[in-house]
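I have placed the structure first, in the form of structure tokens, so that the comments after it can refer back to it.
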Amino acid sequence: MTRFGKHIDCGLKSLAAEAIGEAIANAGITPSQLQAAHMGNAAAGVMADQVLIPGQVALRGMGIGRIPVVNI
């Protein structure tokens, strides 16, 4: 999860990368060990024109792909 606030200078990819990077580090794993992902947000998908695939777009930007992603 990212910090709460107005992130006018940050997009979906950078906010997701921050949260995902911290979660991976806290879990003590590498990105290649991820087997699935769940992506949730309020409206960023609509604002970024990625309504159906925000999780896939964010993960691909981090070099993570080919895993099941559920967008919530």
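Values quoted throughout were computed directly from the atomic coordinates according to the rules given, and no laboratory measurement underlies them. Every value quoted in this text rests on a predicted model; they were computed, and no experiment measured them. Cβ placement follows ideal geometry from the backbone for every residue including glycine, while neighbour counts extend to all protein chains displayed.
When the Cα convex hull of the chain is projected onto planes of every orientation, the mean area is 4.7 nm². Distance between the modelled labels on residue 66 and residue 10, one decimal in nanometres: 3.0 nm (7 Å Cα→Cβ projection). Charge dipole (Cα centre; +1 on Lys/Arg Cβ, -1 on Asp/Glu Cβ; no other charges) of the chain amounts to roughly 80 debye.
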